[in-house]
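The values are calculated or read from the model by the stated rules, or taken from the named source; none is laboratory data. Because the structure is a prediction, the values reported are computed rather than measured. Positions of Cβ are backbone-derived with ideal geometry, glycine not excepted, and every protein chain shown enters the neighbour counts. Note: areas computed on protein heavy atoms with side chains; ligands, DNA, RNA excluded. Shrake-Rupley method; radii C 1.70, N 1.55, O 1.52, S 1.80 Å.
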Amino acid sequence: MASIDIQDIRKSFGTFSVLHGVDLTIRDGEFIVLVGPSGCGKSTLLRMIAGLEDVTSGDIRIDGRRVNDLAPKDRDIAMVFQSYALYPHMSVADNMSYSLKLRRTAKEKIASAVGGAAAKLGLDPLLERRPRALSGGQRQRVAMGRAIVRQPKAFLFDEPLSNLDARLREQMRAEIKKLHGDLHATSIYVTHDQIEAMTLADRIVAMHAGVVQQVGTPLDLYDRPANLFVAGFIGSPGMNFFEGCYLVSGDQAELRLANGVTLPVPQRAGIEPGATATLGIRPEHVVLDAHGALEAKVDLIEPTGFGIIMHVSIHDVPMKIFTLDRAMLDPGPAVRVDLPQERLHLFGTQGQRVE
Amino acid sequence: MRSKPFLTVAHRLAILAYIVVALFPLFWLLKVSVTPNDLLYSEGVRMWPSRATFEHYTFVIAHSAFPTFFKNSLIVAGSTAVAVTILASLAGYALSRFRFRAKYWIVALMLVTQMFPLVMLVAPIFKMLSPLGLTNSLTGLVIVYTAFNVPFATFLMQSFFDGIPRDLEEAAMIDGATQFVAFRQIILPLTLPGIAATLGFVFTAAWSELLFALMLISGNDAATFPVGLLTFVSKFSVDFGQMMAAGILALIPACLFFLLIQRYLVQGLTAGAVKG
Ligand SMILES: Nc1ncnc2c1ncn2[C@@H]1O[C@H](COP(=O)(O)OP(=O)(O)OP(=O)(O)O)[C@@H](O)[C@H]1O
Ligand SMILES: [Mg+2]
């Protein structure tokens, strides 16, 4: 178990710069989830921590020790790959014990470690099989087993569940959470999946274009996104945005959209009157109300079974609404909505959150 | 999908025709090798002589220098195959996995070596080897064959390494292996088909090489089998029966060798066709 300290890490491939100075302190036993769009450098960061990729500049410390120049084998870190990367010519048991054999662990110790991990993951009946004789879910488990047998300082996961079907993913997600509850191992987990990020993380790190946008608990990021990127990235269906001109008259503030519609917004000292600002509201926070202040034309209804996603437009400005109200399956051509003031997020000209 | 019977039959017939065409010369080799000398020209063109004999075989084995040629060939082809495969595995791995500065130029140079007709190189190579005492020696042949086969074998091995996901050795390195240990314990076992293919390819190439063997070797002691075959050609006649018998015998090691490696070879030729 270990803390990981990342200071001003940069990475370039030739002249192409991927990470532009990442700082991150991960506490002992913490579960960190890295999210961000494809190509933002999540895997690169993970591989640098593992030692598979050179560090262009900056420092990585594990338990206070600088590991920049340490080979992967000397970092005592385990990694679960998206492709699982099981050794095809070895049995499940051999796959799991390989790292211990390389460390010349005593035979009895290997047997008990493999046995323990196999029991934890329900792999007992599969130990003699080759990876190709396993289903995707079983392979995934073996990859997890291979990581946990040797009790490393930290676990790295690079989209470990993305090759599984939805049902299995849900199940493995819960198992990973349980495993972390048992082992309390420092973990860094890369995913594209909103729910994985929200459910697993102690803290989420949202990245975009090689820069960390926000670090915080899942609810921090959901309730108080630091900028437009995080606001749009976290949450599904994604947050609605309205860009307009921030105007103040007396103690009333409003946002005038390009099409002339004005939306009342809370007054914020952080925005100059007359400046461009963006208002955000999550689809689940829009209130459907027969006496609502705004009229919205209904464009499309997407029932999800659990709830309903309504695509509407307010004077041609599109907006999504999420509701649990079954009556909205057939809402008619238009509905009236309210945007509750306490649910609004305001972002300044640079896209930063303004309180 | 059920295939149509007509197509299946046509398909099988086409394969059969191909096999017949490919194997007929071998059959003829066998036929001549068992035809007694007195019947060779007297019976006209027949599929099988009216009387078969093994006398050519016994003569070739007992009274000619053929066993020496055979042994020499075995040594040369075997050593070349092993040397080339070791070099090509290491070089192919490096080309597949490492980035290094001169990589582009090394690849280009290796391609260039494949562009010359070998005949052009006979004289300079002879000139280089003779002061080193490597003409008329099996070692010299092994060196020359190895040099000529390494580039192609390297590309062959590289393509096999390219087919093995990089994740595997990265996983091994995280598990605690050095890059070399990962290569030896994880990657190499997965490349066995490639290694078998390379061994087979180089072995046959060296086994049947004539040009350099002819130019670099004089005298029977260091002659390989293709050169040795020419001893059956005398000024006034060609002893076809003995020559063909020797030819049949020379096929045996190549056949045995392929029998030995074919399990891996078939895997190798289909490797990468299916993900999994
Ligand atoms: N070896 C490499 N050489 C050059 N560029 C690379 C290399 N590896 C990654 N990159 C580039 O670095 C950027 C970040 O890649 P990375 O794999 O870290 O993204 P990611 O956030 O993991 O994306 P994804 O979610 O799709 O896995 C990409 O633009 C990629 O093209
Ligand atoms: Mg990635």
Condition first: more than 12 Å from every other protein chain (Cβ to nearest Cβ), touching a helix residue (DSSP H, G or I) at 6+ places or on another chain (Cβ under 7 Å) and open to solvent by 20 Å² or more (accessible area, probe 1.4 Å). Can you find one or more residues in segment B:172-189 that meet it?
no
Of all residues making up segment A:149-165, the number that are part of a loop (DSSP other than H, G, I, E, B), within 14 Å of chain B (Cβ to nearest Cβ) and more than 16 Å from ligand 1 (Cβ to nearest atom)
5
Residue by residue through segment A:145-187, note down the ones that are within 16 Å of ligand 2 (Cβ to nearest atom) and at positive phi.
A:Glu159
All but one of (1) surrounded by 23 or more Cβ atoms within 10 Å (Cβ to Cβ); (2) at pLDDT below 90; (3) within 13 Å of chain A (Cβ to nearest Cβ) hold for B:Pro193; which doesn't?
(1)
Right, A:Arg146: in a loop (DSSP other than H, G, I, E, B) and either away from ligand 1 (no atom under 16 Å from the Cβ) or over 19 Å from A:Met79 (Cα atoms) (or both) or not?
no
Would you be able to say whether some residue in segment A:61-72 is at the interface with chain B (Cβ under 9 Å from one of its Cβ atoms) and either under 30 Å from the mean Cα position of the chain (by Cα) or open to solvent by 50 Å² or more (accessible area, probe 1.4 Å) (or both)?
yes
Residues of segment A:251-278 satisfying the condition of being under 20 Å from A:Asn227 (Cβ atoms) and open to solvent by 70 Å² or more (accessible area, probe 1.4 Å):
A:Ala269, A:Glu272
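This table checks each residue for (1) at pLDDT 85 or above; (2) within 30 Å of B:Ile143 (Cβ to Cβ).
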| site | (1), (2) |
| --- | --- |
| B:Lys31 | yes, no |
| B:Tyr41 | no, no |
| B:Trp48 | yes, no |
| B:Ala77 | yes, yes |
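Every residue, every condition in (1) outside the structural domain of A:Arg224 (by TED's automatic domain parsing); (2) open to solvent by less than 70 Å² (accessible area, probe 1.4 Å); (3) within 24 Å of A:Ala226 (Cα to Cα), yes or no:
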{"site": "A:Ser249", "(1), (2), (3)": "yes, no, no"}
{"site": "A:Gly292", "(1), (2), (3)": "yes, yes, no"}
{"site": "A:Ala296", "(1), (2), (3)": "yes, yes, no"}
{"site": "A:Ile308", "(1), (2), (3)": "yes, yes, no"}
{"site": "A:Thr323", "(1), (2), (3)": "yes, yes, no"}
{"site": "A:Pro331", "(1), (2), (3)": "yes, yes, no"}
{"site": "A:Leu339", "(1), (2), (3)": "yes, yes, yes"}
Taking segment A:40-49 and keeping residues out of contact with any Lys or Arg (no Cβ under 7 Å at 6 or more places or on another chain) and either within 14 Å of chain B (Cβ to nearest Cβ) or near ligand 2 (Cβ under 8 Å from one of its atoms) (or both) leaves A:Lys42, A:Ser43, A:Leu46, A:Arg47, A:Ile49
Please specify each residue of segment A:9-38 satisfying the condition of being within 16 Å of ligand 2 (Cβ to nearest atom), within 19 Å of A:Asn227 (Cβ to Cβ) and surrounded by fewer than 14 Cβ atoms within 10 Å (Cβ to Cβ).
A:Pro37
Given the conditions (1) within 22 Å of A:Arg203 (Cα to Cα); (2) touching a Pro at 6+ places or on another chain (Cβ under 7 Å); (3) not charged (D, E, K, R), and given that A:Leu52 satisfies all but one, which numbered condition is not satisfied?
(1)
Across segment A:13-39, what is the total count of residues that are within 14 Å of chain B (Cβ to nearest Cβ) and either touching a strand residue (DSSP E or B) at 6+ places or on another chain (Cβ under 7 Å) or away from ligand 1 (no atom under 11 Å from the Cβ) (or both)?
0
Looking at A:Gln151, A:Gln82, A:Gln138 in this structure, which one is open to solvent by 20 Å² or more (accessible area, probe 1.4 Å) and closer than 24 Å to A:Val35 by Cβ?
A:Gln82
For A:Lys178: the one exception among (1) of a type outside the set (Asp, Glu); (2) surrounded by fewer than 16 Cβ atoms within 10 Å (Cβ to Cβ); (3) within 16 Å of ligand 1 (Cβ to nearest atom):
(3)
Need at least 1 residues that are in contact (Cβ under 8 Å) with a residue 60 or more places away in the chain per element, so show me which strands (runs of 3 or more DSSP E) inside segment A:213-313 make the cut, counting only ones lying wholly within it.
A:240-249, A:252-257, A:262-265, A:276-281
How many of the residues making up segment A:28-78 are aliphatic (A, V, I, L, M) and closer than 18 Å to B:Glu170 by Cα?
12
What residue, among those in segment A:97-127 that are among the hydrophobic types (A, V, I, L, M, F, W, C) and at the interface with chain B (Cβ under 10 Å from one of its Cβ atoms), is least open to solvent (accessible area, probe 1.4 Å)?
A:Leu100
Hits in segment B:53-65 (condition: farther than 19 Å from B:Leu230 by Cα and open to solvent by 60 Å² or more (accessible area, probe 1.4 Å))
B:Phe54, B:Glu55
Can you report the number of residues in segment B:67-99 which are assigned to a helix (DSSP H, G or I) and of a type in the set (D, E, K, R)?
2
Listed by range, helices (runs of 4 or more DSSP H) wholly within segment B:118-196 having at least 1 residues that are under 18 Å from the mean Cα position of the chain (by Cα) are B:138-162
Taking segment B:157-169 and keeping residues facing chain A (nearest Cβ under 7 Å) and in contact (Cβ under 8 Å) with a residue 12 or more places away in the chain leaves B:Leu168
Can you tell me which residue within segment A:87-96, out of those that are of a type outside the set (Ser, Thr, Tyr) and more than 8 Å from chain B (Cβ to nearest Cβ), is surrounded by the most Cβ atoms within 10 Å (Cβ to Cβ)?
A:Met96
